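Notes for the one structure printed next.
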Amino acid sequence: MKRAIVLSGGGSKGAYELGVWKALRKLHISYDIVTGTSVGSLNGAMMVQKSYHRAKKLWSNLSFNTIFESDLAKNPTTKQILEEYGKNIIVKGGMDVTNLENLLKKCISSKRFFKSKIDYGLVTYNLSSKKPILKNKKDLTPDNLYDFLIASSTCFPAFKMKQIDGDKYIDGGYFDNLPINLAISLGADEIIAVDLEAIGLTQEVKNKNIPITYIHPHNTLASFLYFEKHSAKLAIKYGYFDTLKQYGKFDGNSYTFYKGQINKLLKYYPILTHNLKEILTFNTQHALDKLLKTTLYKNIFTKEDYLNKMLDIIEDLGKNFHINDTRVYTINTFNKQLAKQLKMINDVRVKEIETKIKNKQFADLLNTKWLVLFLFDKINSCKTDKQKRILLDLANLMPKEFLKALYLYTIRR
């Protein structure tokens with residue numbers, strides 16, 4: 001059996017791949033082949049020579065000014081960075097990546113690379129001949145290795161095109177941003193594919209019989225052109241946790257929970273259903289029955305679907321309340337964080353939200369913290385049949401936000 005690691009392109013998002021590598025090391029998952037496109041080709045070369053700590057140091061110190069020749073200040077703003085890209089595209093045909101090439105020569109040892117028993121492949125695109133170029137380890141030499149690594153990573157037009165022997169090369173993402181087929185051609189019969197879901201073309205997998213484990217970000221990564229230490233640090237953590245979750249060591253999607261914790265949400269099932277009926281039951285029982293037959297409510301209060309749907313609800317709440325997504329939680333500690341945030345917020349903007357609802361401006365409200373707080377306030381103060389009828393209408397209009405508010409009400413009681 002030959003296992004391949006396939007790394008996609010994605011610029012600064014490539015820090016996520018280091019997090020995946022960290023998790024694979026922890027899981028003692030070995031590999032025989034690495035293929036990559038763009039930043040994936042760079043990370044892949046370091047994986048071939050097993051220079052994890054060197055790669056970690058590189059990503060931990062990476063910034064816009066360490067990669068490019070630039071006159072920008074030490075910590076440029078996003079606006080300044082975008083303006084710098086735009087200016088260089090117009091005036092110079094893209095950013096000069098000499099600094100990046102020099103960094104690669106420090107991090108990637110051609111001697112260690114070629115001495116390694118791990119096979120390798122990268123993708124670039126020859127703009128002069130208008131043909132994709134797939135380079136295997138046997139096609140590379142100590143003399144052209146760095147040239148083709150840069151060629152694969154030349155995110156044109158943001159970066160200058162790379163010239164090799166008179167031909168112009170650009171990023172391999174213009175042909176295949178996730179080179180699974182290249183890994184298969186090198187003999188892989190098992191694949192772990194890290195898809196950064198960045199801009200780029202991908203080729204359909206030709207051999208459907210090869211088992212592929214896909215790992216991709218569940219959290220939002222910074223723009224692929226934004227190279228900055230803090231963003232890289234976050235991406236590394238996301239890659240690490242997503243990989244361990246993929247292999248069953250943790251639970252969760254965009255948040256990370258200790259194994260088995262999601263099952264503890266079952267204890268809220270009878271309380272949630274009781275609270276819902278207590279809040280909304282009044283003379284028109286038929287209206288409540290009708291509500292419970294609608295898709296989201298039917299799923300959330302069906303035990304078979306309850307855990308997945310409730311996980312979605314609480315993770316969405318975490319995003320609404322900006323709960324830290326780089327630590328590991330129990331359900332209890334996660335609920336405490338939600339309750340803590342709830343206690344800190346007093347301004348519910350009731351009149352403003354009521355006006356938007358009256359004017360049917362629902363798009364301005366959906367998936368916002370203030371709408372959840374508004375509904376929580378309405379649930380908390382719901383006493384009369386009139387209030388219950390209004391709440392039932394809101395529950396029909398905004399089911400997910402209502403359920404988030406109901407969950408907050410349940411854990412606070």
Discussion item. Please go through the range 57-84 and give me each residue that is of a type in the set (Ser, Thr, Tyr) and modelled with pLDDT of 85 or more, ordered by number.
Written reply: Ser60
Response to the item:
When the range 133-150 is checked residue by residue, the ones that are under 14 Å from Leu186 (Cα atoms) and open to solvent by 50 Å² or more (accessible area, probe 1.4 Å) are Leu134, Lys138, Asp139
Discussion item. Just to be sure I understand, how many residues within the range 231-261 are at pLDDT below 95 and β-branched (Val, Ile, Thr)?
Written reply: 0
Worksheet, complete the sentence: The condition of being without any contact (Cβ under 8 Å) to a residue 40 or more places away in the chain and in a helix (DSSP H, G or I) holds, among Lys237, Lys267, only for Lys267
Discussion item. Can you tell me which condition Asn88 does not meet? The list is (1) in a helix (DSSP H, G or I); (2) within 27 Å of the chain's Cα centre (by Cα), and all the others hold.
Written reply: (2)
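Residues checked against (1) among the hydroxyl-bearing types (Ser, Thr, Tyr); (2) under 31 Å from the mean Cα position of the chain (by Cα); (3) assigned to a loop (DSSP other than H, G, I, E, B):
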site: Leu100; (1), (2), (3): no, yes, no
site: Leu104; (1), (2), (3): no, yes, no
site: Arg112; (1), (2), (3): no, no, no
site: Gly121; (1), (2), (3): no, yes, no
site: Thr124; (1), (2), (3): yes, yes, no
site: Ser129; (1), (2), (3): yes, no, yes
site: Pro132; (1), (2), (3): no, yes, no
site: Lys138; (1), (2), (3): no, no, no
Worksheet item: Restricting attention to the range 46-64, and to residues there that are open to solvent by less than 20 Å² (accessible area, probe 1.4 Å) and assigned to a loop (DSSP other than H, G, I, E, B), which single residue is farthest from Tyr226 (Cα to Cα)?
Response: Gln49
Item to complete: Would you mind stating whether Asp71 is among the acidic types (Asp, Glu) and in contact with a strand residue (DSSP E or B) (Cβ under 8 Å, 6 or more places away or on another chain)?
Response: no
Worksheet item: Of the residues in the range 219-234, how many are open to solvent by 80 Å² or more (accessible area, probe 1.4 Å) and assigned to a loop (DSSP other than H, G, I, E, B)?
Response: 1
Worksheet item: Is there a residue in the range 154-170 that is assigned to a strand (DSSP E or B) and in contact with a Cys (Cβ under 7 Å, 6 or more places away or on another chain)?
Response: no
Discussion item. So the check is Cβ under 7 Å with 6+ separation or different chains; which pairs have a first residue in the range 132-144 that's under 19 Å from Asp167 (Cβ atoms) and in contact (Cβ under 8 Å) with a residue 40 or more places away in the chain and a second one that's surrounded by 15 or more Cβ atoms within 10 Å (Cβ to Cβ) and of a type in the set (Gly, Ala, Ser)?
Written reply: Leu134/Gly121; Asn136/Gly121
Worksheet item: Which of (1) open to solvent by less than 40 Å² (accessible area, probe 1.4 Å); (2) out of contact with any Lys or Arg (no Cβ under 8 Å at 6 or more places or on another chain); (3) not in a loop (DSSP other than H, G, I, E, B) does Asn181 not meet, given it meets every other one?
Response: (2)
Fill in: Filter result (at pLDDT below 70 and either part of a helix (DSSP H, G or I) or acidic (Asp, Glu) (or both)) within the range 342-371
Asp347, Val350, Phe362, Ala363, Asp364
Worksheet item: Which condition number does Phe374 fail, the rest of (1) touching a Leu at 6+ places or on another chain (Cβ under 8 Å); (2) at pLDDT 85 or above; (3) open to solvent by less than 30 Å² (accessible area, probe 1.4 Å) being met?
Response: (1)
Discussion item. Name the residue that is most open to solvent (accessible area, probe 1.4 Å), counting only residues in the range 112-132 that are under 18 Å from Gln203 (Cβ atoms) and touching a helix residue (DSSP H, G or I) at 6+ places or on another chain (Cβ under 6 Å).
Written reply: Tyr125
Worksheet entry | The one condition in (1) surrounded by fewer than 17 Cβ atoms within 10 Å (Cβ to Cβ); (2) over 29 Å from the mean Cα position of the chain (by Cα) that Asp96 fails to fulfil | (2)
Worksheet item: Are any of the residues in the range 15-24 open to solvent by 10 Å² or more (accessible area, probe 1.4 Å) and more than 21 Å from Ser110 (Cα to Cα)?
Response: yes
Worksheet item: Does Ala55 satisfy being in contact with a helix residue (DSSP H, G or I) (Cβ under 6 Å, 6 or more places away or on another chain), more than 19 Å from Phe159 (Cα to Cα) and without any contact (Cβ under 8 Å) to a residue 60 or more places away in the chain?
Response: yes
Worksheet entry | Of all residues in the range 377-413 being hydroxyl-bearing (Ser, Thr, Tyr) and without any contact (Cβ under 8 Å) to a residue 40 or more places away in the chain, the one that is most open to solvent (accessible area, probe 1.4 Å) | Thr384
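The values are calculated or read from the model by the stated rules, or taken from the named source; none is laboratory data. All values reported here derive from a predicted model rather than from experimental measurement. With ideal geometry, Cβ positions are generated from the backbone for all residues, glycine too; neighbour counts draw on all protein chains shown. Side chains are part of the model used for accessible areas, which takes the heavy atoms of the whole protein and leaves out ligands, DNA and RNA. Shrake-Rupley method; radii C 1.70, N 1.55, O 1.52, S 1.80 Å.
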